[in-house]
């Protein structure tokens, strides 16, 4: 068995850059628990792929493999620079919202003023205007999630890996945030790999829905969705995905 | 309010016991005598308090800085942690009563042996609380720093150090009380000034009220220092003041 992890050493690309990810025959086990088993997945440049599956089917592992935070036991992972947006927002409580959003810019060596200048226009564009100087604990759950998304975006990497970004929100806010994210992504086109256990969320946000089997995770169905989509399209894909999950 | 009533009751009981009971004034002076001593010897007490306060303040500062640095070193190196942590625990078992005179012989009557003793008794709580805080930083947070291409140093600078700062200050707050006792021991061991030195002189001179007055001042100073550290904590780590949620969601 060969283990090969290629982390391309190129500069992070900018907004319109492509970014692809490709996993072939990837397996990953933690002790006796096999999280992924022979998973194949191709993500094209600028595509939004929503991965659904029962809990514990290795969805988070999949994202961490793409981000290079883990190496596969077997198989091959090839991905352009990818950034992870973890399930919890993980905002740093000691930084203001704008400094949290601009964290990656600061880490790349920019001064605080430069970093803030980069983040500032996005605050207005993404409905966070006026909250630049707020501390994370002063923000609502939805807003914290938006700041976390901006932080992900501002890393400048072409591939975004979103790990159940709205799982911690109440149903109403979640719905609102899904629309917000769809809008944000149409504005800042990136390659997105989104994992969720919410089939409707996947159908609403993805260009393609990938259904994983229970652990060890394997791809059991891939469903394309036309764009622009009607509510009926979403519901149809949701039904087919649920069916694939049951089988 | 309740603590004030408690103090009034205690002092009242003490006064009655000392006035009516058969205890000699040289052993247990009444609070009124102590108050008189506080007033009559105020310039003597004040100048000595300044000396001790300086020792304790500087000693805690040294302990805070050393403790923090040590905790960081132990956090970054597992080998160091396994090797040195037990030694740190052992260092706390060293009886300072025995060590203090030796340090005085070594370093003289000046400030150095006092700082060494106060730092020795104070750095440990700082190390323990800081190290615990460093180790309990959310692993997801560090994962996030990695995916944002942070170096090890940057992850420390942005995510770990700010999380450990309030803990280090908590450690220093715990250390305040022992710092004062440490200072008195150090002065007992050999010095020409300070409240500990004053106490040591007062008792053989049968000036027991003055010794008790010094104790009152030391206690008040400890409370003051504790308050100052709490204030510093609020100033330096404003985010820790108000955290409505537990593990942030």
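No lab work stands behind these numbers, since they all come straight from the coordinates. Note that this is a predicted model, so its numbers are computed, not measured. Cβ: placed from backbone, ideal geometry, glycine included. Neighbour counts: every protein chain shown.
Odds and ends about this structure:
- Percent RCO, i.e. relative contact order, over chain A, from Cα pairs under 8 Å lying at least 6 residues apart: 28
- Spin-label pair residue A:34/residue A:183, simplified geometry with 7 Å Cα→Cβ offset, distance in nm: 4.5
- For region B:53-168, the relative contact order is 38 percent, taking Cα pairs closer than 8 Å that sit 6 or more residues apart in sequence and dividing their mean separation by the residue count.
- Förster-model FRET efficiency, 25 Å R0, residue B:230 and residue B:92, C-beta, rounded to 0.05: 0.55
- For the pair region B:2-52 / region A:100-160, the C-alpha centres are spaced 60 Å from each other.
- Part-to-part distance (alpha-carbon centres) for region B:185-238 and region B:99-127, which is given in Å: 16
- Binned Cα-Cα distance frequencies in the protein assembly as shown - 10 Å width, integer %: 4, 16, 20, 18, 13, 10, 9, 7, 3, 0
- Structure remark: mean-square fluctuation, Gaussian network model of chain B, C-alpha springs under 10 Å; the largest value among B:109, B:123, B:68 belongs to B:109.
- Helix A:141-153 axis, angle to chain A major axis (alpha carbon atoms, nearest 10°): 80
- Per-residue Cβ neighbour rank within 10 angstrom, fewest leading, A:135, B:234, A:76: B:234, A:76, A:135
- Residue-averaged 222 nm ellipticity for chain B, from DSSP H runs of 4+ at -39500 (n - 2.57), nearest 500: -26500 deg cm²/dmol
- Ratio Rg/Rh, restricted to region A:87-156 and using Cα atoms, in which Rh is the Kirkwood radius: 0.92
- Gaussian network model of chain B, springs between alpha carbon atoms under 10 Å - residue of B:49, B:103, B:142 with greatest fluctuation: B:142
- Cut-off 19 Å, label 7 Å out along Cα→Cβ of residue B:146, residues of region A:57-71 by amide N: A:58-71
- Choice from A:126, A:30, A:149 with maximal GNM fluctuation in chain A (Cα, 10 Å cutoff): A:30
- Relative contact order (%) - criterion: Cα under 8 Å, at least six apart; region: chain B: 27
- Between region A:162-200 and region A:18-49, the alpha-carbon centres lie 20 Å apart.
- Folded to 0 to 90 degrees: helix B:31-40 orientation relative to chain B principal axis, Cα: 90
- Among A:132, B:160, the order by Cβ neighbours within 10 angstrom, fewest to most, reads A:132, B:160.
- Taking every DSSP helix (H) stretch of at least 4 residues in chain A, weighting each as -39,500 (n - 2.57) and dividing the sum by the residue count yields a mean residue ellipticity at 222 nm of -10500 deg cm²/dmol.
- Difference of contour (0.36 nm per residue) and Cα-Cα distance, residue B:157 to residue B:20: 43.0 nm
- Debye intensity ratio I(q)/I(0), log10, chain A, q values 0.07, 0.11, 0.17 Å⁻¹ (C-alpha model): -0.23, -0.57, -1.30
- Residue order, fewest to most beta carbons within 10 Å, for A:133, A:189: A:133, A:189
- Chain A: angle of helix A:112-125 to the longest principal axis, Cα-based, in degrees nearest 10: 70
- Rh by Kirkwood over Cα pairs, then Stokes-Einstein D for region A:40-136 at 1.567 mPa s and 4 °C, µm²/s: 81
- In region B:30-235, the C-alpha radius of gyration followed by the widest Cα-Cα span (Dmax) gives 20.3, 70 angstrom.
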